[in-house]
Amino acid sequence: MSEVKIAAETRTEFGKGAARRVRREDKVPGVLYGHGSDPIHLTFPGHELLLALRTPNVLIALDIDGKSNELAIPKSVQRDPLKGFLVHVDLQLVTRGEKVQVEIPVQAEGELAPGGNLLEYVLDALPVEAEATHIPEGVAVSVEGLEAGASVLAKDIKLPSGVTLAVEEDAVVLQVLAAQAEEASEGAEEGEEAAEA
């Protein structure tokens, strides 16, 4: 995974008014925390941060006030619900070689068995533990030929080297549902109720 370099500035003003002023300047307020140190309140360039956060679990090399260089990963990203711009971001301080718990996106590949089956993502992101500088961008899962009632468990997913599960091995990640059977049974029940009336 590549690092994205972002210049950040420390913040001294807090509260809604200060945050609004920061956002009007096309910047994003945020907090850097971790390793038992006091949280550092920062301001990030909005466009650069938005581009960086398009990659899940991106590793960010922070240049804080032109002095200190820190590595961080996003932990919480708040967006405006209507317009989608960044409102606030929390970053977790990490070091090279350190193991961190993150969630990586699950991507299903292949075609389900014929018959109008539906694929349900029980977990759309898989909790894993990985080295901070080697977090996978996602994991692909084959659903080729799976029939209704089949499921993919966390232990069935092949993870990259050095990455371990941070969830129960028997946790269901994907399951295949029979869409037509559910609709047919609901229709039959309605028909029975009408006949009884």
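Taking each residue as 0.36 nm, the span from THR55 to ARG20 lengthens on full extension beyond its C-alpha to C-alpha distance by 10.0 nm. Between ALA113 and LYS67, the FRET efficiency estimated from the beta carbon spacing at R0 = 41 angstrom works out to 0.10.
Using a cut-off of 22 Å between Cα atoms, the listed pairs LYS27/LYS83; LYS75/LYS155; LYS99/LYS158; LYS5/LYS158; LYS16/LYS67; LYS99/LYS155 include LYS75/LYS155; LYS5/LYS158; LYS16/LYS67 as exceeding that distance. Between the stretch 30-84 and the stretch 87-101, the C-alpha centres lie 9 angstrom from each other.
A full extension of the chain between ALA178 and SER37 corresponds to an added length of 45.6 nm, given 0.36 nm per residue minus the alpha carbon distance. DSSP beta bridges fully contained in the chain are about 75 percent antiparallel. As a rough guide to protection, the peptides 39-48, 170-179 ranked by mean Cβ packing within 10 Å, highest first, stand as 39-48, 170-179.
Which parts of the stretch 30-71 would a label at THR12 reach, counting a residue when its backbone N lies under 19 Å from a point 7 Å out along Cα-to-Cβ? Counting backbone N atoms under 19 Å from the label point, the list is 30-32, 39-44, 64-68. Roughly speaking, to the nearest percent, how much of the chain's 1.4 Å accessible area is carbon and sulfur? Solvent-exposed carbon and sulfur of the chain make up 48 percent of the total. Helical content of the chain, expressed as a calculated mean residue ellipticity at 222 nm, amounts to -5500 deg cm²/dmol (DSSP H runs of 4 or more residues, -39,500 (n - 2.57) each, divided by residue number, nearest 500). Per residue, the chain exposes an accessible area of 59 Å² to a 1.4 Å probe, with every protein chain left in place.
The values are calculated or read from the model by the stated rules, or taken from the named source; none is laboratory data. Computed from a predicted structure; not experimentally measured. Cβ atoms come from the backbone with ideal geometry, glycine included; neighbour counts cover every protein chain shown. In case anyone asks, the SASA skips ligands and DNA or RNA and just uses the protein heavy atoms, side chains included. Shrake-Rupley method; radii C 1.70, N 1.55, O 1.52, S 1.80 Å.
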